[in-house]
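Peer 1: Below is a structure I'd like to ask you about.
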Amino acid sequence: MKRYIVMVLGVQLLLGAGMVPGAPSSLVAFTPQIRSLIASGDPARGKDKAAGCVSCHGAQGIAENAAFPSLAGQRADYLYKQLRDYKDEKRVNPLMAAFAQPLNEEDMADIAAWYASQPLPPAKPADDDLGAATTLVRRGDGKRLIPACAACHAANGRGQAVAVPALAGQNAAHLGQTLQAYKRGTRANDVYSVMRNIARALSGEEIAQLAKYYESLGE
Amino acid sequence: MIHIDPWEKTWVYIVGLLIVVMLGSILYTAFANSIHPPSNVETIDSASLHLSKEFAEDNLGVKTRADGSVTVTMVAARYGFYPQRIEVPANTPIRFRIASLDVVHGLHIPETNLATMVIPGFVSEVNTTIPKPGEYPLFCNEYCGLGHHYMWSRVTVTPDTTTN
């Protein structure tokens, strides 16, 4: 009986975190059809459809509250994937799920195109010592199986295909929370645990430094 | 009029002949011995790899079959092998089945005969046994991008306990 209760609780915990055993961490597959759908997104239509996003993400996609992500200059493929993952409840966030639920595929492509067409947020110079973060970004740490951040997110922090997000100019508070969520496993929409593996190997201090490092890039 | 030295001309002919002989012998042996890529030819959609049954995230890793042999299901993606660490028994037939999520990767375990290319769109299959227990690195030996040199992982080969 005790075992049964533990099992039920365990399953519910997993469900709550969007990690149903056996379920893929994202339903998005970047097939040629999906890629051309994303490429067909129209920024002008996207701007209108993103009217409801303004209060948190800002009129031009630059969030006033640092806990929310800035979306300006973000890659369209990444934005599309996040909207789909919110809608599919693969990235668990009740607030964003409510916004993503009424959107169809075309709406998502348009909104993604709108934010992608905006310039990145301005760089916020950091006065802290970011030595450890700089080493991780440029060289990673082979012993801990951490690739250099720049290998995927690019040396200028603008990300790359497919769906590797731009980090340059991102709010440090949001970026830090995101890495912590990957580390704890509460964010789990990274296919094959690519980011969860890396975040688990990072210390809290390294996460804080990396977040500041990327905030200090930007436009 | 371009001046060509008689010696230059001779060497151009010699080099040309050498190229023809070398290419000819490669083609002859390839056809005569029917040499072809070593792995089986089996296609898979790399873009939706994580939505397939075999390469679904929770189906990766080491599985022991009824006859005691072992199947290792792995994904190679920029920049790592998933799962990151595996443990297999020594002196046991191992079947590696690997697919790429993105670009061409390689999979190589030094001091063993395990080496294969992992080509997007195909499943690479290699059958082998590893005789010596120990810790082995497993790394990518096909340049796959800026993070290529970070793409490695660990294989623990445990002593075989079934044949004592």
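Peer 1: Within segment A:29-40, can you find the residues that are at the interface with chain B (Cβ under 9 Å from one of its Cβ atoms) and buried (at least 17 other Cβ atoms within 10 Å of the Cβ)?
Peer 2: If the condition is that a residue be at the interface with chain B (Cβ under 9 Å from one of its Cβ atoms) and buried (at least 17 other Cβ atoms within 10 Å of the Cβ), then A:ALA29, A:PHE30, A:ILE34 are the ones that fit.
Peer 1: Can you find a residue that is among the charged types (D, E, K, R), touching a Phe, Trp or Tyr at 6+ places or on another chain (Cβ under 9 Å) and outside any strand (DSSP E or B) anywhere in segment B:89-100?
Peer 2: Within segment B:89-100 (the criterion being among the charged types (D, E, K, R), touching a Phe, Trp or Tyr at 6+ places or on another chain (Cβ under 9 Å) and outside any strand (DSSP E or B)), the answer is no, since none of the residues qualifies.
Peer 1: Does A:LEU79 qualify as being surrounded by 23 or more Cβ atoms within 10 Å (Cβ to Cβ), more than 14 Å from chain B (Cβ to nearest Cβ) and in contact with a Gly (Cβ under 7 Å, 6 or more places away or on another chain)?
Peer 2: no
Peer 1: A follow-up question, please. So which residues in segment B:101-129 are touching a Gly at 6+ places or on another chain (Cβ under 9 Å) and either part of a loop (DSSP other than H, G, I, E, B) or among the hydroxyl-bearing types (Ser, Thr, Tyr) (or both)?
Peer 2: B:ASP102, B:VAL103, B:GLU111, B:THR116
Peer 1: Evaluate segment B:48-57: report whether one residue or more is open to solvent by 100 Å² or more (accessible area, probe 1.4 Å) and within 14 Å of chain A (Cβ to nearest Cβ).
Peer 2: Yes, segment B:48-57 has at least one match.
Peer 1: Of all the residues that make up segment B:103-117, how many are within 14 Å of another protein chain (Cβ to nearest Cβ) and either buried (at least 20 other Cβ atoms within 10 Å of the Cβ) or modelled with pLDDT of 95 or more (or both)?
Peer 2: 1
Peer 1: A follow-up question, please. So which of A:ILE146, A:ILE111 ends up being within 21 Å of A:ALA76 (Cβ to Cβ) and of a type in the set (Val, Ile, Thr)?
Peer 2: A:ILE111
Peer 1: May I ask you to verify whether A:GLY157 is touching a Phe, Trp or Tyr at 6+ places or on another chain (Cβ under 6 Å), part of a loop (DSSP other than H, G, I, E, B) and not assigned by TED's automatic domain parsing to the domain that holds A:LYS87?
Peer 2: When the stated conditions are applied, A:GLY157 passes them.
Peer 1: Could you grab me the full set of residues in segment B:124-164 that are within 14 Å of another protein chain (Cβ to nearest Cβ) and open to solvent by 90 Å² or more (accessible area, probe 1.4 Å)?
Peer 2: B:GLU135, B:TYR143, B:LEU146, B:HIS149
Peer 1: Out of B:VAL15, B:VAL72, B:VAL62, I need the residue that is more than 14 Å from chain A (Cβ to nearest Cβ), of a type in the set (Val, Ile, Thr), closer than 30 Å to A:LEU145 by Cβ and surrounded by fewer than 17 Cβ atoms within 10 Å (Cβ to Cβ). Which one?
Peer 2: B:VAL62
Peer 1: Here's another thing I want to ask about it. Hey, can you tell me all the residues within segment A:125-143 that are at pLDDT below 90 and either within 14 Å of another protein chain (Cβ to nearest Cβ) or open to solvent by 50 Å² or more (accessible area, probe 1.4 Å) (or both)?
Peer 2: A:PRO125, A:ASP127, A:ASP128, A:ASP129, A:GLY142, A:LYS143 - these are the residues of segment A:125-143 that are at pLDDT below 90 and either within 14 Å of another protein chain (Cβ to nearest Cβ) or open to solvent by 50 Å² or more (accessible area, probe 1.4 Å) (or both).
Peer 1: Please count how many residues of segment A:165-189 are open to solvent by 30 Å² or more (accessible area, probe 1.4 Å) and touching a residue at least 24 places away in the same chain (Cβ under 8 Å).
Peer 2: 5
Peer 1: OK, next. If you take the residues of segment A:55-70 that are out of contact with any Gly (no Cβ under 9 Å at 6 or more places or on another chain) and open to solvent by less than 70 Å² (accessible area, probe 1.4 Å), which of them is farthest from A:GLN177 (Cα to Cα)?
Peer 2: Once the filter is applied, the top-ranked residue is A:ALA59.
Peer 1: Can I ask one more? Given the condition within 23 Å of B:VAL88 (Cβ to Cβ), part of a helix (DSSP H, G or I) and free of Cβ contacts under 8 Å to residues at least 60 places away in the same chain, answer yes or no: does some residue in segment B:2-21 qualify?
Peer 2: no
Peer 1: Being closer than 18 Å to B:THR156 by Cβ and within 14 Å of another protein chain (Cβ to nearest Cβ) is the filter; apply it to segment B:77-97 and report the residue that is surrounded by the fewest Cβ atoms within 10 Å (Cβ to Cβ).
Peer 2: Across segment B:77-97, the extreme among qualifying residues is B:ARG85.
The values are calculated or read from the model by the stated rules, or taken from the named source; none is laboratory data. None of these values were measured; they are calculated from a predicted model. Cβ sites come from the backbone with ideal geometry, for glycine too, and all protein chains shown count toward neighbours. The protein model used for the area step is the full one, side chains on, heavy atoms only, and it has no ligands, DNA or RNA in it. Shrake-Rupley method; radii C 1.70, N 1.55, O 1.52, S 1.80 Å.
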